[in-house]
Amino acid sequence: MGKPGDQIRSVIRQWYHSRLALVLESIVIGFAVGFVIVAFRYLLLRADSLRQGIYEALPGLPLSRTLGWSAALVLVGLFLGWSAKARPMIKGSGIPQIKGVLQGKMSMNWMPDLPLKMFTGLLGLGTGLSLGREGPSIQIGAYIGEGVLSILPRPGRIGKFLIVSASAAGVSAAFNAPLAGVLFVLEELQASPEDPSAQAAGAGKNVFSPLFLACAMGASMAADVTAGFFFGRQPVFDFRNLTPLPIGTIPWVILLGITCGFLGDLFKRLLYFFQSMYGYFRIPELVRPVLPLLASVPLGFFLYDITGGGHALIESLSRQDRTLGMIGLLLGGKFLFTALCYGSGTSGGIFLPLLACGALTGSGLGKILAQAGLTSGEQLLNFMILGMAAFFTGVVKAPVTGILLILEMSGNFNHLGNLVLAALSTLVTSDLIASRPVYSVLLERMLAVQGRAFGGRAEIPRG
């Protein structure tokens, strides 16, 4: 008979490796992610308010103040460029990097990348770059998951469960959308079971296992509870007076889906083009973020709505009556400025910008149909919301996530059927024109660049 201490340690080990302990650990990770993302969101809100105040005050101040602000942005851009060059894993949204890690093609080091990801994301988004908080939030969640695993290690595939669950918590806390967080990691982050390289790395197995779902849901709900405690339980977007579309608008919903399929492909091509453009003109990585930051100055004076992620722009579309010409100008400007910002390689995602593009597309088409007498003006808000889900589907090619995300962010389930129809129309269109998911392409481009840089396996060294 063993010693009492040995028996206690044996019981603890058995419990630690139980399914219940794994789910409880994922919940703890979810709370940790929630607190960090709450701080991130709060700082972004304060930075956004400060930036708005600066651009409201600058026109009445001497030119030297504007030049001083521009000089400050140059310094910010140089720091962002240095950070991206020194720690490549913090570039962009971070979602392609997480996919690479889960497939065994990359490695990540949560320290010092976690605080650097937060700080660079805060600087870039807070100074007006057209980037979103969701990608950084997802990667921040993954880093926190890895940090917990460094203290409470888990073997192989189980550890990946917790990292993916932490990523789901990042989506949940960023958008108050716990179900969309779970669906996103299932549709996008989990490797395809048909991918041989992913299978070899241990990914793509038991993607829909009850254990994984329990971990992801536990982490996501914990993060949502935490974010709700600080920001309230109300939806992210405050859409009011929303009524279901009549059955006669089905052809126009399909037309919107088709339109978003083509425009979503154009959006992705612009992202890839601007990424290549920086390299084609041999612009040093250190100064790349300086270009969009300087571009944000005149845009901040004359076309403020296309700066920043796009949250305020989306809500303004539901309250202000914009002309068709202004909607087209905002859409074109948002396309180009987002591509210029993301191509620079600094920290920031594309969720909010692409949702803003979808809202503009839906508003534009809805206005055209209303002016032609095919729909009523009261239905513009519906087309705007449908455009967000359809555009998300066209870019990310994760239709279920797009539908649930918009449902949770708008807090209204009256348009569920039309959301499904719009997203399905976009998905079919996207497949017909062979438009690939954006994060898969971005991962391939990143691996190709790193493979050339490191002369072999496309992996970012630790440390």
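Each reported figure results from applying straightforward, stated rules to the coordinates on display, with no laboratory input. Keep in mind that this is a model prediction, so the values were computed, not measured. Glycine also receives a Cβ, built like all others from the backbone with ideal geometry; neighbour counts cover every protein chain displayed.
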So, with points 7 Å from each Cα along the Cβ direction, the Ile433-Glu56 label distance in nm works out to 4.0 nm
Provide the net charge surrounding Leu125, with neighbours chosen by a C-beta distance below 9 Å and charges set as Lys +1, Arg +1, Asp -1, Glu -1.
-> 0
Work through the residues other than Gly308 whose Cβ is under 13 Å from its Cβ and net out their charges, Lys, Arg +1 and Asp, Glu -1.
-> 0
Lysines whose Cα lies under 18 Å from that of Lys160, excluding same-chain neighbours fewer than 8 positions away | Lys99, Lys105, Lys205
The alpha-carbon center of segment 394-411 and that of segment 104-151 are separated, in whole Å, by 22 Å
Helix 110-126 axis, angle to the chain major axis (alpha carbon atoms, nearest 10°) = 10 degrees
Which of the lysines could a cross-linker bridge to Lys334, judged by Cα under 21 Å and excluding same-chain residues fewer than eight apart?
-> Lys91, Lys268, Lys367, Lys397
Note, segment 213-219: 3J(HN,Hα) by Karplus (6.51, -1.76, 1.60, θ = phi - 60°), whole Hz, Gly/Pro = x, goes 4, 5, 5, 5, 5, x, 5
Taking H placed 1.01 Å from N in the peptide plane, check which residues at least 5 places from Gly132 or on another chain put their amide H under 5 Å from its amide H.
-> Gly349, Ile350, Phe351, Leu352
Hits in segment 109-128: amide N under 20 Å from the 7 Å Cα→Cβ extension of Ala72, namely 119-128
Angle, helix 134-151 long axis vs. longest principal axis of the chain, Cα atoms, 0 to 90°, nearest 10?
-> 10 degrees
Gain on full stretching of the segment that runs from Arg233 to Leu24 - 0.36 nm per residue minus C-alpha separation | 72.9 nm
Nearest-ten-degree value, helix 399-410 long axis tilted from longest Cα axis of the chain = 70 degrees
At what distance in nm do the modelled label points of Asn109 and Ile368 sit from each other, each positioned 7 Å from its Cα along Cα→Cβ?
-> 5.1 nm
Which longest run of the chain has no exposed loop site in it, a site being chymotrypsin sites (Phe, Trp or Tyr not before Pro) in a DSSP loop with at most 14 other beta carbons within 10 Å, and the site itself not part of the run?
-> 1-207
Multiply the residue gap between Thr243 and Leu43 by 0.36 nm, knock off their C-alpha separation, and tell me the result in nm, one decimal place.
-> 68.5 nm
